[in-house]
1. Farthest toward the dipole's positive end in the chain, which of 128, 72, 139, given Cβ charges of +1 (Lys, Arg) and -1 (Asp, Glu) about the Cα centre?
2. So who's got an amide H within less than 5 Å of the one on residue 87, skipping anything under 5 residues away but keeping other chains? H placed 1.01 Å off N, in plane.
3. Which of 21/51; 78/134; 134/167; 21/97; 144/167; 21/154 have a Cα-Cα distance over 22 Å?
4. For the chain, restrict the atom set to alpha-carbon positions and state the Rg and Dmax in Å.
5. Report the chymotrypsin sites (Phe, Trp or Tyr not before Pro) located in the range 93-172 that are in a DSSP loop and have at most 16 other Cβ atoms inside 10 Å of their Cβ, or state none.
6. At a Förster radius of 22 Å, what calculated FRET efficiency corresponds to the Cβ-Cβ distance of residue 136 and residue 72, to the nearest 0.05?
7. Given R₀ = 25 Å, what would the calculated FRET efficiency be for residue 33 paired with residue 146, taking r from the Cβ atoms and rounding to 0.05?
8. Out of residues 5 or more away from residue 15 or on other chains, whose amide H comes under 5 Å of its own, with H placed 1.01 Å from N in the peptide plane?
Amino acid sequence: MGQGSSAGLQVLIMGLDSAGKSTLVGQILTGQTVNTSPTVGFNVGTLELNKQSCLTLWDVGGQKSMRQNWQYYLDGCKALVFVVDSTDVARIPEAQKALKSILSDERLRGVPLMVLANKKDLPNSMTIREVSNKLNLNSYTDRKWEIQACSATKGLGVQQAFLTVNKLIKRS
Ligand code: G3D
Ligand code: MG
């Protein structure tokens, strides 16, 4: 991502395809549930939290074929938001591997991590404790991280999530 592309702090939104990344970004930027289609390339938008804080959100496509492109967005990244479909028990090992792989990149050293256990409106969604265990978050001792549940479609926990992201950046 280019340094001069925006004034905001660069925040990367990642996760497997269908986790709800584009819905989340649509919800926080417009306050509405937007129709999404599988993201090809990326979506970008600027979120003004308050007079002092402005986040530039990069929503990068999560399909397997896109993941090799993730590395191009890492320069200048101030926080990583990793979105998980908390109803998708079958794919959480894949999410764990994808997260581990991104975080092993030198450019993300010390960059804070926000994990969002999305789709909490659905029955059978895993608790944040379960998601946290399955993603092995306790192993990430060399960066600040947080996990919260949210529902991107209902807008639950979404505002709170980005306020936390901002705090993590300020403290990192
Ligand atoms: P992605 O950008 O991570 O690939 P999308 O994911 O934002 O495109 O969302 C994938 C699907 O999950 C969409 O459904 C979307 O409506 C749904 N979704 C996203 N967030 C939530 C949530 O919090 N709760 C529920 N119940 N569904 C959610 P479709 O049907 O369009 O594929
Ligand atoms: Mg998408």
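The values are calculated or read from the model by the stated rules, or taken from the named source; none is laboratory data. What you see is a predicted model, and the numbers here were worked out from it, not measured in a lab. FYI the Cβ positions are ideal-geometry reconstructions off the backbone, even for glycines, and counts take in every protein chain you see. Surface accessibility is based on the protein's heavy atoms, side chains included, excluding ligands, DNA and RNA. Shrake-Rupley method; radii C 1.70, N 1.55, O 1.52, S 1.80 Å.
1. 139
2. 126
3. In this structure, 21/51; 78/134; 134/167 lie more than 22 Å apart at Cα.
4. Answer for the chain, Rg first and Dmax second: 14.5, 43 Å.
5. Details: sites: 140, 145, 162; in loops: 140.
In loop regions of the range 93-172 (DSSP not H, G, I, E or B), the sparsely surrounded chymotrypsin sites (Phe, Trp or Tyr not before Pro) are 140.
6. 0.30
7. Numbers: r = 24 Å, r/R0 = 0.97.
For R0 = 25 Å, the calculated efficiency reads 0.55.
8. The list, which skips near neighbours in sequence, is 83.
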